[in-house]
Structures are given as C-alpha cells and as structure tokens.
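Shown next, in structure tokens, is the structure this report addresses.
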Amino acid sequence: MANRSRLASIRETLFGDSARAFGTLGILLLLLLAVVPARDQFREWYRYQKGYLRLIGGRGDAVTLKRRFAGGIQQTWIPELGVVDRCSSCHVAMKEATLRDVSTQPFRPHPAIPHSLTAFGCVMCHRGQGVATTVEEAHRSTLAWEEPMIPARYLESSCGQCHMDKLTGTPRLNAGRGLLSRYGCVHCHSVSLPDGTKLAPSDDPPPLTHIADKTTREWIYAWLKNPQAYSGTATMPNFQLNDNDARDISAFLISQSTPSALSGAAPEATATPDAPALQAGASAYGESFCASCHAIQNAAGLLVGGDLGPELTKIGAKAKPGWIRQWVHNPKDYDPGTAMPHYRFDDKQLALIGGFLESKTDSDFLANVHLETATAGQIAHGKQLVNENGCASCHEIKGIRKPDSFAPDLTTVGSRPLAKIVFVAGMEHTLPAYIEGKIKQPRSFGAALKMPQFSLSVSQIDALVTALLAQTGRAFSLPSRLRVAGHPMSNYEPAGTAGRLMHELNCFSCHSINGRGGDMAPDLTFEGSSVQREWLLAFFKNPNTLRPTLIRRMPKFNVTDQESAVLTDYILAVYQTPSVDKDSAWPSPEPADIERGRQLFYSKYACQACHIVDPKKDKGYIGPTLTHVGSRLNAAWIYQWLRAPQSLRHGTIEPDRQMSEADANALTAFLMAQKGQEAKGK
Amino acid sequence: MRTAAMGVVALSLVLANCSRPPAPLIPKAPSATPAAIVEVSGGKQLATIGTPLEQPIVVQVNDAHGTPVSGASVWFRAPNGAVMQPAWGITGSDGQFTTSLTIGSIAGRYKVSAATEGASGKSVEVRIDELALGFEENQGKQWSDLYCSRCHDPESSAERVSNFDNLNAKPHAFSDGAFLNKISDEDLLALIQHGGPALNKSAEMPPYGRTLSKSDIGAVLAYIRAVADPPFEPKETVFAQRQ
C-alpha cells in the first residue's frame, strides 16, 4: 500500500497537470536525442579513430596529420564503378606516406600502386563489403553479405578485371591466363575476357583420325590409364578410367582410324641400329635442333629441351616401327595442322634420326598390357565413352562431333554466388578455396563428374585460380574506357609461294609476324628492312645463331636454293617498316668516322659490355654478335636502331641511349665496317 | 625508399607480434640434450605477399658435440599473417625438421624463429629471414629479371647465361646491401636513369631513362632496397620515432 501511494505521488509530481507533463516529456525527449550521438561512441570505427589520434599525437608531424584527419564515417562513392567504400573510416592513414613505419592495422598507409585510391576505391581490388561499417562485415562474409575480401595470394586477379594485356606487375595472372590456354582448359570451358576476346587454346592436341598408323592399341590403353606415366610433362589429364573403359575406348579409337597420307621413306626391316648409328642419330637430332621444341630425359633424369612439342623420352614405346621416319619426312601428311615443320631431310638423315628416337623406349611401359581382340559391343561402348568424356572437345575423331561448350562457361566464375556452390566437407567456404579445390581434385566434388585430374604444381594452380577470379561480373559492367586491351593473336597469313613455304616450315611456331606466332625466336615483322639479301640467302641454307648463349636455335631446314630465294625475296619486299628506308644512299664512310665510331663503341657507349665485335678482345654476349654485322644489316636500319631501338622492335632490351645524329652516324660507319674476315674468305 | 621502410615496418611488426606460444608437446625423450638449433636450408627466400615459399624451411637440432639430436621438439614462431605448416614438431632420425611457410599479406622482411628446449629447460633458437615482395617490389623484380640480372647476377641459370664475367667493372648484386645501402635513393635513380657515368662509374652500365618509365625505375629501386642484405634502413625517419 505504501508503495502504491509513493508511485501515485511521483506520478502527481511529474504529470500532475498539463504543464508538468509537458516539461517531463520535453526532458525525456532531450535525453533520448542525446543518446543518438552518444551511441557512436561505441562503434568500432570510433574506437579506431580515437586510437589513430593517440598514435599520431606524439609524432613530429602530428599537426599536419591531425589537420588531414576527418572524423566520422568516411565514404568514397564512385557511381560509374559501383563503388561505395567506407573503408577509410577505420583505415584512416591510407594516404599518409609519413606513417610508413606504422605496423598496426588499420593505420598502415597503402603501399605504392599505379592507381589513385580515390579514383578506384578499395573493393575494386580487395573486394569485400565496401558499405559495411564493422570489421567483420567489411572483411569476411557473414550471413547477409556474399563477398569476402580476396586473399593477398590472389590479389593480382583484380588487375585482370580491366587489364587484358600482360602487365609486368602481375606475373601470376599472366601465367594463369597462359595456362588456361596451354593446358587446354578452354577447349571445354569457354572463357571470355571482359573486352569480349575469347581465350583460345594454345596446346595442340593431335587428331586421332589416323591413330592406328602411329601407335598400337596397347599403347593407347596404357596412355589412357595414366598419361603422366608415359611422360611426366604430358598435357593430357588423367580421366581415371577403369580397365574396361580404357580397353573399350582404345578399341573404338583403333576402329575409327583410317590410313593417313604418310609417304616417304618406307619402314625398313626392323634392324636395330648399332652403337655408331645411334651416336650418329643423336648427333643428327642435336644438329637439327630438335631439342628447341622437344625434351628428352638425360641419364640424370633431367629433362633437356623445349616444351613446344611432346616429350620424346619414351617415344620408341609409342610409335610403330617406321612411323617416326615417315612423320619426320613430312608431318603434314599425317596432321596438316601440326606445329612441327617439314624438314627436308634425306633418307639417310631420316634413318638416323628415326633409329635414334626408336631406341628411346621403355620396356616396362607396356609390359602388363594384354588386350584381347575387341568385340563390336566393346567398340560401341568405347564410342559412347568417347562421347561422354568429351574427348572430341580436344581431339579430332572420326564419327564424333566436337561438342559445343562441353563444360560450364567460366566467363564470370569469379563472382559466382556462394549460395550456388556446393562445397566439399571440410573445405573453407570461399570462392578461391572452391576454385582451387575444383582444379586440384575435381572428382572429389562427386565421382560422376567428368572433369579429369590434371597434374599441376602449387604455383600453377595458384596462377589458374588467380586468372579465374579475374572473371568477375563487375568486370563486364565497368566503363569500357577503363579496359586495357590485350594483344590477341592475329590471323595473319603470308601469301603466295612464300606463304606456302612458311606454312610448311611452320615459321609461326617460333617467330611472330604481324601479331601472329610464337615468341621463341625474334619477331620478323620488320625483318625485310634490316637484313641484306646475300646474308639472308646464306642464312636459310645454313642458319648460324647470332647469340652464342642461346640454347634454342633455328634449325637447318635443308631448303633448296630456289626456296631460299623465294623466302628471301618475299621477306625483303614485304616485311618492312616505314621508318627505315633500306635502299637510301648511305655515304661511304670516311676512315675518320669509323675510328670515331670505334671510340664511341668502346668508351662512351661501352657496347662491348653486351656485344662482340672483336672476338679476341670483346666478351659480352647478351646482344647478338656483331663481327659480321656489316654484311648482315643495312646502314639505314643500324642508324635507326641506334637512335630508337624500341621503335623497330617493341620490347627489345637494348636500352635507348638517346644518341645524337652525329654519334649514330659514326657508330653506323664503324659497324658497317665489320664485315667479318671469315665471311670474305668463303 | 617507401618500400625499404616497409621492410623495417614488417620487422618491427614481427617483433611486436610474436605469435602463438609453443604448443604443449608430449615427445619421447630426445636422443641427447639439444645444445644448438641451426638452419639447414630455406632461409632468405623471395616470395610475393600471400604466397607460399618455394622451398621448405629445414632446421637441425644438434647436441653439444654437433651431433644431430632426434626426437627433440622444435617450434616455430612467425610474424602475424604468416602461416607455418606445421608450426611445431619433433626432429627425425637425422635431427632435422621441415616446415613450409606461407607469407602474410604485408611486404617486408619476415623473421621466423625456430626454437628447441636445451639444457635445464632453457630454449635455444635460430632466426631465419624471408623476404616478401609487395606489388611494387615484385614489379621491380620482373624488370630486374629482364634487364638487370643478366649482368648483376653472377649466377647463370638454365635459360640465361650470366654476363657478369665478361665485364670490366664488376656489377654489384642487388643483394649486396653493404655496398648499395650506402648509395642514396636519388643517386641510384640517377644511375639507372642516366647510366654509370652519371656517378663517375663505368659506361658499361647503360642508361635506362628512355627505356623504362620513371615509375618502373622506382619499382626497380624498391626491389633493390627490399632484397638488400644487410637490410636497408632509410635515414630520413624523422617522423618515425615517437617523441
């Protein structure tokens, strides 16, 4: 009772009449209003901002830093990029270069990058939730948000949203895009870059239409079971086929094979070459620079050679007797699209090289393979398996149509919603972890999945994940002015007889011309402006390397005089740059000019650091040897090269010396005087 | 300069964040009392931020006579953000223990320590340095691999024969901190931009001012500073000390 009367009296005091009630409510309202700003005192960002002020308080430049500091929620809003970032509410010192020594986050300044932080915002590169105002929601994916921050390991992927070109700063992204092509991922998966360029495969899976000419059913069986057992560097992944499936596929592949147009040296009786013949074969293999493209394991188990063509360590276990000879005689008879050039070998050379390669065998590889004659049922089952496994996505097979988009399109895989992903138990629930898992062990996501098992190193997988994470939906909605185009391969075709010859010799496998071709050998787009006719004619007959330290060299194709003349004339007439007039009259040099050029060469420009003019004295071997340069290049080219090397060959490492006209003239005179004594004697 | 500072930053970060106390181990008694722990391999590696080191880190526990001790417990401490896998374990019969390290997301020098329990419960430890390259240093490394290392790196690789021996003035390796740390940023930039003669050095060092952009040369400098051994410590740290 006493309580009740006390309550009544309090009520009387506060709300006794309308004036009292109004006053009380007014005070309550004021208190409530005061709570709203006070609430911010408990926010994470407020705590961090207080911490920042404490941190800079004792520093020498505290006044400047404090002046630049703005409290409260900070926001970067870039409507055209869809960026709303509040990261700088906590990361307050991102632009304070003087705080380089600060190690505690969120107060570290941002490391140097080529972009302005305010023009691009944070989430463009780091992803995460820009609008969030708590640490947890901004950085990690919680219930309401989809996209966590991207781990530093894959950070280069964000560059790939705009950059289609190969940036120097993003080796991992470049490697990943290369691998998508090199390992044939894009045969099955379609991947388009944000500018619409479709990634094209750069591997060269052989057609299987004449496979019975090349190899046996037993080899196909063993290869299908485990390609890496035959060659550790094999591109073909392991489809983890069981014995019966491998048996039936091999039966079908043999059954669909038809004889190829292979001609040339008929297989001789299977005489095993003796030791001297093997030695001679190894020499012929070396002299023909087969190792520029093909690798063979040496006695120490190390691979020696390039990776443009398949590894040949066990080729003798694969190829039928005589097939290698026929193939080397003219590979295009078997596979018109092959990257292997048509060497003009004579029968003796073919026998030597063929014998040498046939001796590269491995008796264990097929030791346990015994196959019965295939039944019609097995062949039919094999055909069904070939269809189911999408073999024709990569290989040409008779009676099987190349499937369109056999596997899911990966163009926007980098922003696939987590809600749509089924994770394997124990896997981290993030997109990078999912993609990595898919590449590492695709079948762990379900035994019925078709993606085969690749043999990739950790860094290769990292590179692939980086390249795939660059395929975001955001990349396609960005303004096109931000996109930096790549250099997709052109479809340039040289014309006429020379064009046919270049196709036969597969110049494009190593050389690039007008945006098409490989990067193993020099770009020849302007070759016609640089070299002299006599030199080029002789070079085709007997290519000598100009760079003594190069391991991969131009092979000798045994071209005829007439073929050499056709190629030379075509190159000289067509592959020219407008900035060099090779036929311009060049004044015959005075001895004084030559002497001045010599001094410039050896002292002012110290060219001997990289080039050799006098083999007795000079040792530099980064650039080409210049002992014969006067009979190789023409004066106008040398002059222009000295003035601006990158204008003639993009990306050449010869530094631009900003050479004066007079210096360039004198050096040209000196270099043109280097005709090479031996050359004259011949 | 900025990068070099970052190295120092990471260093202090390491010292400030000595993480994870050693996990309790229940090992068998070691074969002898450990007296020393030494690095076998895996130190001074370069890696991009966020990536694993290419080679594992291998340490060995020795007793007072220098004989390997098997069954000794070893624990690693790495700076925040770096992940050791595994972070502790027991040495094998050869007295060695192997672990792999994934670098964190901050560029700079990562000081890893490996420790074991020595006589009378006192721990003995060894410091192992690893280098993490950020975007700028990594870009510098790419340029360096293309333009600089042909002469500045005396070692040849399978793909590249070093030109070091062919030069009259022997170039300094970029890791030669004892020499390069003494040259100021401005001088090094001028040297790369205008060539050796800019600093009265050999003309065999050509100018790159028209071949590489200013920011590219800055990246190369950042790389040189990052890989310096002994570490580069910038002089102008006026604002870096608390008063």
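Among the residues of region B:152-183, those identified as over 20 Å from the mean Cα position of the chain (by Cα) and in contact (Cβ under 8 Å) with a residue 24 or more places away in the chain are B:L167, B:N168, B:A169, B:P171.
Out of A:H163, A:H126, one residue alone is under 18 Å from A:P432 (Cβ atoms) and within 14 Å of chain B (Cβ to nearest Cβ). It is A:H126.
If the condition is being at the interface with chain A (Cβ under 9 Å from one of its Cβ atoms) and part of a strand (DSSP E or B), then region B:93-107 contributes only B:T102. Of all residues in region B:205-237, those being at pLDDT below 90, in contact with a Gly (Cβ under 6 Å, 6 or more places away or on another chain) and within 11 Å of another protein chain (Cβ to nearest Cβ) number 0. Exactly one residue out of A:L312, A:L308 is among the aliphatic types (A, V, I, L, M), part of a loop (DSSP other than H, G, I, E, B), modelled with pLDDT of 90 or more and closer than 19 Å to A:D203 by Cβ, and it is A:L312. A:V191 meets the conditions (1) farther than 30 Å from A:F42 by Cα; (2) more than 11 Å from chain B (Cβ to nearest Cβ); (3) surrounded by fewer than 20 Cβ atoms within 10 Å (Cβ to Cβ) in every case but one. The failed one is (3).
Apart from one condition, A:L303 fits all of (1) surrounded by fewer than 19 Cβ atoms within 10 Å (Cβ to Cβ); (2) under 26 Å from the mean Cα position of the chain (by Cα); (3) under 17 Å from A:G355 (Cα atoms); the exception is (3). Is at least one residue of region A:653-669 part of a loop (DSSP other than H, G, I, E, B) and within 21 Å of A:S512 (Cα to Cα)? The answer is yes, given that some residue of region A:653-669 is part of a loop (DSSP other than H, G, I, E, B) and within 21 Å of A:S512 (Cα to Cα). Go through (1) among the hydroxyl-bearing types (S, T, Y); (2) more than 26 Å from A:N387 (Cα to Cα); (3) at pLDDT below 95; (4) in contact with a helix residue (DSSP H, G or I) (Cβ under 7 Å, 6 or more places away or on another chain) and name the single condition A:S455 misses. (2) is the only condition that A:S455 fails. On the stretch given as region A:340-377, residues that are crowded, with 18+ Cβ neighbours inside 10 Å, part of a loop (DSSP other than H, G, I, E, B) and of a type in the set (D, E, K, R) total 1. Here B:S202 passes the criteria (1) part of a loop (DSSP other than H, G, I, E, B); (2) crowded, with 19+ Cβ neighbours inside 10 Å; (3) facing another protein chain (nearest Cβ under 9 Å) except the one numbered (2).
Test A:P37 against the criterion of being within 30 Å of A:F120 (Cα to Cα) and either exposed (fewer than 14 other Cβ atoms within 10 Å of the Cβ) or hydrophobic (A, V, I, L, M, F, W, C) (or both), and give yes or no. Can you show your working first?
Numbers: within 30 Å of A:F120 (Cα to Cα): no; either exposed (fewer than 14 other Cβ atoms within 10 Å of the Cβ) or hydrophobic (A, V, I, L, M, F, W, C) (or both): yes.
In short, no.
The lone criterion from (1) surrounded by fewer than 22 Cβ atoms within 10 Å (Cβ to Cβ); (2) in contact with a helix residue (DSSP H, G or I) (Cβ under 9 Å, 6 or more places away or on another chain) left unmet by A:R182 is number (2).
May I ask you to say which residue of A:R632, A:R649 is crowded, with 21+ Cβ neighbours inside 10 Å, over 23 Å from B:S202 (Cβ atoms), more than 9 Å from chain B (Cβ to nearest Cβ) and of a type in the set (K, R)? Break it down into steps so the answer makes sense when it comes.
Numbers: A:R649 fails: crowded, with 21+ Cβ neighbours inside 10 Å.
Checking each option against the conditions leaves just A:R632.
For region A:599-626, how many residues meet the condition of being of a type in the set (S, T, Y), within 8 Å of chain B (Cβ to nearest Cβ) and within 38 Å of the chain's Cα centre (by Cα)?
Initially, region A:599-626 is screened for residues of a type in the set (S, T, Y), giving A:602-603, A:605, A:621, A:625.
Applying the additional criterion that residues be within 8 Å of chain B (Cβ to nearest Cβ) yields A:603, A:605, A:621.
In the following step, the residues that additionally are within 38 Å of the chain's Cα centre (by Cα) were identified as A:605, A:621.
The qualifying residues number 2.
In this structure, A:L53 does satisfy being in the same structural domain as A:T133 (by TED's automatic domain parsing), over 30 Å from A:S158 (Cα atoms) and either under 38 Å from the mean Cα position of the chain (by Cα) or not aromatic (F, W, Y) (or both).
When the helices (runs of 4 or more DSSP H) confined to region A:103-172 are screened for residues that are surrounded by 23 or more Cβ atoms within 10 Å (Cβ to Cβ), those reaching at least 1 such residues are found at A:123-126, A:135-139, A:156-159.
Name every residue in region A:647-660 that is more than 19 Å from A:A521 (Cβ to Cβ) and out of contact with any helix residue (DSSP H, G or I) (no Cβ under 8 Å at 6 or more places or on another chain), in order of residue number.
Our first condition is that a residue be more than 19 Å from A:A521 (Cβ to Cβ); within region A:647-660, this holds for A:647, A:655-660.
Within region A:647-660, A:Q658, A:S660 meet the criteria.
Consider region B:108-144 and keep the residues that are over 17 Å from the mean Cα position of the chain (by Cα) and in a strand (DSSP E or B). The one that is surrounded by the most Cβ atoms within 10 Å (Cβ to Cβ) is B:T116. Among the residues making up region A:465-518, those that are hydrophobic (A, V, I, L, M, F, W, C) and within 14 Å of chain B (Cβ to nearest Cβ) are A:V465, A:L469. Evaluation of A:K95 against the conditions (1) surrounded by fewer than 18 Cβ atoms within 10 Å (Cβ to Cβ); (2) more than 14 Å from chain B (Cβ to nearest Cβ); (3) without any contact (Cβ under 8 Å) to a residue 60 or more places away in the chain; (4) farther than 24 Å from A:D40 by Cα shows that the sole unmet condition is (2). The single condition among (1) buried (at least 21 other Cβ atoms within 10 Å of the Cβ); (2) of a type in the set (F, W, Y); (3) more than 8 Å from every other protein chain (Cβ to nearest Cβ) that B:F164 does not satisfy is (1). Are any of the residues in region B:121-143 without any contact (Cβ under 8 Å) to a residue 40 or more places away in the chain, under 15 Å from B:E39 (Cα atoms) and more than 9 Å from chain A (Cβ to nearest Cβ)? So far as region B:121-143 goes, yes, one or more of its residues are without any contact (Cβ under 8 Å) to a residue 40 or more places away in the chain, under 15 Å from B:E39 (Cα atoms) and more than 9 Å from chain A (Cβ to nearest Cβ). All of (1) among the small types (G, A, S); (2) outside the structural domain of A:G355 (by TED's automatic domain parsing); (3) touching a residue at least 12 places away in the same chain (Cβ under 8 Å) hold for A:S260 with one exception: (2).
Out of all the residues in region A:555-564, which are surrounded by fewer than 16 Cβ atoms within 10 Å (Cβ to Cβ) and assigned to a helix (DSSP H, G or I)? A:D561, A:Q562, listed by residue number.
Being of a type in the set (A, V, I, L, M) and crowded, with 20+ Cβ neighbours inside 10 Å is a description that applies to B:I217.
The values are calculated or read from the model by the stated rules, or taken from the named source; none is laboratory data. Everything numeric here is computed off the predicted structure, so don't read it as measured data. Virtual Cβ from ideal backbone geometry, glycine too; neighbours counted across all protein chains shown.
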